[in-house]
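Report on one structure; see the data block that follows.
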Amino acid sequence: MSSMSFGRLFVIAGPSGAGKTSLAHHLVGSFERTLFSVSATTRRPRRDESDGRDYFFLTDTEFDRREREGNFIESALVHGSSYGTPSEWVLEKLMGGENVVLDIDVQGAVQVRETFPGAVLIFVLPPSADVLEKRLVGRSTDTKDVIERRMKEAARETRWLGIFDYFIRNDFIDRAKAGIEALVRAELTSLWNMPFPPEARMLEPDTFSGREYWKGRRILVTAGPTRETIDDVRFISNRSSGLMGYSLAMAFRDAGASVTLVSGPCGGLQPPLMVDLVKVESAAGLASAVTETIPGMDLLAMVAAVSDFRPGRKRDGKIERSPEGLDVHLEPTQDILRSLSLEKTGTRLLAYALEYGPNAEKRAREKMTRKGADAIFLNRGDIENMGMEATGNTGILLFSGGARVEIPPGAKRFVAEATVAALGRHFSGTKPETPE
């Protein structure tokens, strides 16, 4: 995966008559390595249809089993038959560098937003309700009653436009085609959605050497803050954006590793492509997810800013505002690393330390020893525009044997790439780092 890009899932939706199918065909015909999604269905194949090319034809029992097991990114019952988009097939194409175009109704797109957050959702509408109605009438396939129902359904579907990424106004088809081409080209060159460009590594080859060590290995990364609830509305958390953890997950992925990302609430971040994402809320939820996923992992990168304290008890509903104020008793959260016993599993540990003031490196090394970590990344919280809530970072990567690597300032994506490379060099023994 480090030597090639991966594909994108484009979902084109809109009311019946909006022209989404014409635009979907245009994308497939205009972009290399771009194909239509192949759906699974329980209906019988027509004479000219073949299994695996037009549809995956399944029995009702098999379809229901796959749906229960979460094997579809969206599914629907249409005219008595079940239809679904197989997630395994889509992932196989995307990992092979092919783009997949999905032409579905709005409710199917809403499902995809939940099950496949990395998909690009495009909503298509004509310029007015009158134009939409004229297009439906012009088909000469529906009765007046059916057209009225479709117009009402179009209004209901358009209420969900706000969850989509892009809007295409389909007034003139050539203009709409040019618009959807432009946004697809932009998505295909989005830095967030592509491997870190090799062109960006050529100016500092030594900084990025060592990444090959991670090819084929399994990595578990935690990211973001946790939320410890006071009541059903309020919670205790911290300023972590999750960007450093997400960037590290992408850096390991780009180095050829298989990555699982356990993430606290990071609403402003799009999930990285080709990374298994596990969402959690609290410190207890994060501990449970890490415990479940750690077996067989080669490295745990504990980047998440886990809350150190939580309210002694959660109140139901919303606590009413009171002039007397509110006393909340805080108790310590679980020490996740201490409970894992990583030394018994052979999993290496990369810890993170946020430190302020003098003797920061000494305190970080003490934490590394206390946590039994193989390495620790020292984040300085007192450097302006770096670290929490910032797009940039810098720090020192400390190793249990005494070696250290200074990671220069840069975007967190760069810092993650440099960190992954330095870890690879150290663990492979190919280039000893500077001793303390």
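Please treat every number below as a calculation from the coordinates, not as lab data. Model, not experiment: these values are computed from the prediction. Please note: Cβ atoms are built from the backbone with ideal geometry, for glycine as well, and neighbour counts cover all protein chains shown.
Here are some notes:
- For the chain, the longest principal axis of the alpha carbon atoms and the long axis of helix 173-188 meet at an angle near 20°.
- Relative contact order of the chain, pairs being alpha-carbon contacts under 8 Å that are 6 or more residues apart, as %: 13
- Summed over qualifying helices (DSSP H, 4 residues or more, each -39500 (n - 2.57)) and divided by its residue number, the chain shows a 222 nm mean residue ellipticity of -10000 deg cm²/dmol.
- Remark: the stretch 101-114, residue by residue, has Karplus-estimated 3J(HN,Hα) of 10, 10, 9, 9, 7, 5, 5, x, 5, 4, 4, 4, 4, 7 Hz, where x stands for each Gly or Pro and the curve is 6.51 cos²θ - 1.76 cosθ + 1.60 at θ = phi - 60°.
- Against the chain, whose longest principal axis is taken from its Cα atoms, helix 129-139 shows a tilt of about 60°.
- Residues whose amide H comes within less than 5 Å of that of G19, counting only those at least five positions distant or on another chain, are absent (H built at 1.01 Å from N in the peptide plane).
- Straight Cα distances below 19 angstrom link K20 to the lysines K134, K152, K177, with same-chain residues fewer than 8 positions distant left out.
- Amide proton proximity set for I407, modelled H, under 5 Å, gap of 5+: G395, I396, L397
- Nearest-20 debye value, the chain charge dipole, Cβ charges on Lys, Arg, Asp, Glu: 80
- In Hz, Karplus ³J(HN,Hα) per residue of the stretch 345-356 (6.51, -1.76, 1.60; θ = phi - 60°; x = Gly, Pro): 9, x, 7, 6, 10, 10, 9, 10, 10, 9, 10, 10
- Cut-off under 5 Å, modelled amide H: who pairs with V280 long-range: S263, G264
- Think of the stretch 265-385 as a dipole: +1 on every Lys or Arg Cβ, -1 on every Asp or Glu Cβ, centred on the Cα centre; then among L277, G325, P311, P311 lies furthest on the positive end.
- Tilt relative to the chain, helix 20-30 - C-alpha long axis, 0 to 90 degrees, to 10: 70
- For Rg and Dmax of the Cα atoms in Å, the candidate list reads (i) 25.3, 81; (ii) 23.3, 76; (iii) 31.4, 109; the entry that matches the value derived from this model is (i).
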